[in-house]
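Visitor: Structure in structure tokens, see below.
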Amino acid sequence: MTLTSFSLPVAGTTVAGLRSPGTGGQRVLALHGWLDNAASFVPLAAQLPGLELVAIDLPGHGHSAHLPPGTQYNTPGAICHVLDVADALGWDRFVLLGHSMGAGIASLAAAAAPERVERLIAIEALGGLRGPENETAQRLREHVRAARALPTRRLRVFPDLSAPIRARMMTNQLSEPCARLLVERGVKPVDGGYSWCSDQRLMLPTAMRLSEAQIDDLLAAIECPTQVIYATPAQAYYPEPLRSERISLLRDGRLAVFPGTHHLHMEHPQVVAEVIRTFLAG
């Protein structure tokens with residue numbers, strides 16, 4: 001299945017993304033990870049014919065609009081945005097598919113709006129990153145300092161795409177073809193070459209994070225069947241046994257684990273697609 005580009009007016013802003021050419025299959029809304037974009041799902045979509053798949057660029061990412069000045073990128077806003085996109089598509093009920101940050105947003109959206117989400121597929125995250133209570137003040141201070149210094153920061157300009165592609169390969173253990181997919185949708189032409197088109201505010205330290213107890217409560221509130229897919233070894237910021245313990249809180253959850261890296265849905269799309277097909281066949 002080949003995805004095609006689209007843009008859509010949503011709640012006073014513009015959302016861009018990639019979508020399947022046909023309609024009539026199961027409706028799947030796909031949410032990418034932090035500083036990624038809709039191209040994250042291109043390899044996987046090729047293995048999932050028959051779905052009505054819509055992969056969006058989340059606000060501030062890819063070709064979607066940035067949030068207005070003075071507003072904040074946060075999880076409640078992201079959840080409302082996902083539901084606004086579904087409304088704009090005319091979707092009452094749908095499947096949510098998310099990777100990394102997108103999986104965190106998707107899982108919390110399923111908890112917040114159970115009447116909208118039929119099924120949940122979470123790749124490499126579930127419930128979002130935790131924040132120990134004793135780090136709250138320090139985290140807020142770091143966010144405020146960085147936010148106030150942001151106007152003085154200058155965008156880095158690359159003469160060609162080779163440097164950003166190498167950077168994504170090194171940072172995320174990506175192959176060159178997968179890194180190129182993300183970079184080509186994640187940069188814009190400027191004088192002297194290219195710069196990242198993602199909103200610089202996305203790089204700010206998170207001002208507030210949920211505690212583990214709050215995440216537990218939200219995961220227990222997810223009503224729909226949920227398929228979790230993890231790569232092994234686990235990422236340092238989301239270690240075992242934490243990530244497996246979260247799955248035990250789901251009412252109707254199942255787990256698949258495969259050797260791979262954080263972007264296993266891009267590097268091993270056939271394996272991940274087989275799990276998704278079986279889950280959606282239900």
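Visitor: Can you tell me how many residues within the stretch 37-68 are open to solvent by 20 Å² or more (accessible area, probe 1.4 Å) and either closer than 16 Å to C80 by Cα or assigned to a loop (DSSP other than H, G, I, E, B) (or both)?
Guide: Of all residues in the stretch 37-68, those open to solvent by 20 Å² or more (accessible area, probe 1.4 Å) come to 42-43, 46-47, 49-51, 59, 63, 65-68.
With either closer than 16 Å to C80 by Cα or assigned to a loop (DSSP other than H, G, I, E, B) (or both) added as a condition, the list becomes 46-47, 49-51, 59, 63, 65-68.
Of the residues in the stretch 37-68, 11 are open to solvent by 20 Å² or more (accessible area, probe 1.4 Å) and either closer than 16 Å to C80 by Cα or assigned to a loop (DSSP other than H, G, I, E, B) (or both).
Visitor: Regarding the stretch 188-198, can at least one residue be identified that is part of a helix (DSSP H, G or I), free of Cβ contacts under 8 Å to residues at least 12 places away in the same chain, surrounded by fewer than 14 Cβ atoms within 10 Å (Cβ to Cβ) and out of contact with any helix residue (DSSP H, G or I) (no Cβ under 6 Å at 6 or more places or on another chain)? Talk me through it step by step, then tell me what you get.
Guide: First pass over the stretch 188-198, keeping only residues part of a helix (DSSP H, G or I): none.
Within the stretch 188-198 (the criterion being part of a helix (DSSP H, G or I), free of Cβ contacts under 8 Å to residues at least 12 places away in the same chain, surrounded by fewer than 14 Cβ atoms within 10 Å (Cβ to Cβ) and out of contact with any helix residue (DSSP H, G or I) (no Cβ under 6 Å at 6 or more places or on another chain)), the answer is no, since none of the residues qualifies.
Visitor: Sort out which residues of the stretch 106-152 are more than 21 Å from W34 (Cα to Cα) and open to solvent by less than 10 Å² (accessible area, probe 1.4 Å), and write them in order of number.
Guide: A113, V117, listed by residue number.
Visitor: Considering only residues that are in contact with a strand residue (DSSP E or B) (Cβ under 6 Å, 6 or more places away or on another chain) and surrounded by 14 or more Cβ atoms within 10 Å (Cβ to Cβ), look in the stretch 158-185 and name the one that is nearest to G62 (Cα to Cα).
Guide: From the stretch 158-185, those in contact with a strand residue (DSSP E or B) (Cβ under 6 Å, 6 or more places away or on another chain) are 158-159, 164; that's our starting set.
Checking the rest, the ones that are also surrounded by 14 or more Cβ atoms within 10 Å (Cβ to Cβ) come to 158, 164.
Details: F158: 17, P164: 14 Å.
Restricting to residues being in contact with a strand residue (DSSP E or B) (Cβ under 6 Å, 6 or more places away or on another chain) and surrounded by 14 or more Cβ atoms within 10 Å (Cβ to Cβ), the top hit is P164.
Visitor: Checking L155 against (1) assigned to a helix (DSSP H, G or I); (2) open to solvent by 60 Å² or more (accessible area, probe 1.4 Å); (3) farther than 28 Å from P21 by Cα; (4) not charged (D, E, K, R): exactly one of these is not met. Which one?
Guide: (1)
Visitor: I would also like to ask the following. Within the stretch 21-33, count every residue that is modelled with pLDDT of 95 or more and either over 22 Å from R201 (Cα atoms) or surrounded by fewer than 16 Cβ atoms within 10 Å (Cβ to Cβ) (or both).
Guide: Our first condition is that a residue be modelled with pLDDT of 95 or more; within the stretch 21-33, this holds for 26-33.
Still in the running and either over 22 Å from R201 (Cα atoms) or surrounded by fewer than 16 Cβ atoms within 10 Å (Cβ to Cβ) (or both): 26-30.
So the count comes out to 5.
Visitor: Looking at I215, I222, which is the one that is open to solvent by less than 60 Å² (accessible area, probe 1.4 Å), outside any helix (DSSP H, G or I), modelled with pLDDT of 95 or more and under 25 Å from T75 (Cα atoms)?
Guide: Working: I215 fails: outside any helix (DSSP H, G or I).
Result: I222 is the single residue among I215, I222 that is open to solvent by less than 60 Å² (accessible area, probe 1.4 Å), outside any helix (DSSP H, G or I), modelled with pLDDT of 95 or more and under 25 Å from T75 (Cα atoms).
Visitor: Which residues, taken from the stretch 247-282, are small (G, A, S), crowded, with 18+ Cβ neighbours inside 10 Å and part of a loop (DSSP other than H, G, I, E, B)?
Guide: Within the stretch 247-282, G260 is the sole residue that qualifies.
The values are calculated or read from the model by the stated rules, or taken from the named source; none is laboratory data. Owing to the predicted nature of the structure, the values given are computational and were not obtained by experimental measurement. Every residue, glycine as well, gets a Cβ built from its backbone with ideal geometry; the counts of neighbours run over all protein chains shown. Ligands, DNA and RNA are stripped out before the accessible areas are found, and what is left, the full protein with its side chains, is counted by its heavy atoms. Shrake-Rupley method; radii C 1.70, N 1.55, O 1.52, S 1.80 Å.
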